[in-house]
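Read the structure below first, then the notes.
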Amino acid sequence: MGSEFEEMLKEILQEINDQGFNKDNIIDKIKDKLQEEDPRVYNGWKDNKFDIDHLFLPGIMLRMIAKDTKLTGFFIEYERTLLYVAAEHGHIQIVENLLDNGAKTGIKNGYCKEAPLHVAAKHGHIRIVEILSKKEADIDLKNRYGETPLHYAAKYGHTQVLENLLGRSTNVNVQSEVGRTPLHDAANNGHIEVVKHLIKKGADVNVQSKVGRTP
């Protein structure tokens with residue numbers, strides 16, 4: 001259910017991206033397409049006064065919640081903002097226009113509580129990372145597991161993203177809930193260049209995780 005829903009949002013943004021848009025009409029274009037594709041999801045957004053930071057849920061889940069509000073917490077992992085989906089799938093101009101319309105960079109999405117900068121770093125979308133950084137997105141914002149965007153860049157081996165984040169972060173040795181630093185993640189996944197960059201920036205090779213492991 002969740003993956004199909006996110007795929008629908010992705011396709012809507014892709015179609016709008018292909019058709020052309022600007023900051024003045026992008027929201028109306030999304031409204032029109034969403035109303036066509038899934039009226040219940042559209043109405044949920046409408047009920048929230050078309051808040052640009054609205055956390056979208058699949059229509060089938062909205063129907064279930066309407067019958068039993070206690071189910072709301074079970075579906076939190078599927079919540080997504082438009083900015084998150086655009087950042088995840090690399091839609092640069094859509095990201096810029098959503099931000100121009102006031103989209104917040106610090107909204108946490110889904111069960112893992114990831115912000116748009118997390119997911120942009122994860123997928124190596126350097127231009128989007130740069131755009132979000134210029135909008136002063138919190139580079140030290142942690143997800144549910146205490147991981148920052150720097151952890152993601154290190155874990156997935158995105159050197160350019162890492163360099164951008166290191167240029168703004170003062171905590172190269174930031175630890176997750178289990179005590180892992182970005183250096184732990186880079187070393188564990190064999191990203192040699194990332195390891196070199198982190199050490200050059202002062203990463204401590206002797207930091208121990210909660211189970212006593214060093215990078």
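For this structure, a couple of remarks:
- If the condition is being small (G, A, S), within 16 Å of S133 (Cβ to Cβ) and touching a helix residue (DSSP H, G or I) at 6+ places or on another chain (Cβ under 8 Å), then the stretch 103-117 contributes A103, A115.
- Residue list for the stretch 158-192, filter: of a type in the set (S, T, N, Q), over 19 Å from the mean Cα position of the chain (by Cα) and assigned to a helix (DSSP H, G or I): N188
- Sole exception among (1) closer than 15 Å to E88 by Cβ; (2) surrounded by 21 or more Cβ atoms within 10 Å (Cβ to Cβ); (3) in contact with a His (Cβ under 6 Å, 6 or more places away or on another chain) for P215, by number: (1)
- The residues of the stretch 201-215 that are more than 11 Å from R180 (Cα to Cα) and touching a helix residue (DSSP H, G or I) at 6+ places or on another chain (Cβ under 9 Å), listed by number, are K201, A203, D204, V205.
- Matching residues in the stretch 162-183 - criterion: being out of contact with any His (no Cβ under 8 Å at 6 or more places or on another chain), closer than 17 Å to V119 by Cα and of a type in the set (A, V, I, L, M, F, W, C): L165
- The one condition from (1) more than 20 Å from I16 (Cα to Cα); (2) modelled with pLDDT of 95 or more that A87 does not meet is (1).
- Test for V195: is it assigned to a loop (DSSP other than H, G, I, E, B), aliphatic (A, V, I, L, M), surrounded by fewer than 24 Cβ atoms within 10 Å (Cβ to Cβ) and outside the structural domain of N25 (by TED's automatic domain parsing): no
- Residue that is surrounded by the most Cβ atoms within 10 Å (Cβ to Cβ), among those in the stretch 94-119 that are under 30 Å from H191 (Cα atoms) and either β-branched (V, I, T) or in contact (Cβ under 8 Å) with a residue 40 or more places away in the chain (or both): V95
- On the stretch given as the stretch 118-149, residues that are among the small types (G, A, S), touching a helix residue (DSSP H, G or I) at 6+ places or on another chain (Cβ under 9 Å) and part of a loop (DSSP other than H, G, I, E, B) total 2.
The values are calculated or read from the model by the stated rules, or taken from the named source; none is laboratory data. Only a predicted model underlies this, so the values are computations on that prediction, with no experimental measurement involved. For neighbour counting, all protein chains shown are included, and Cβ atoms are generated from backbone atoms with ideal geometry for every residue, glycine included.
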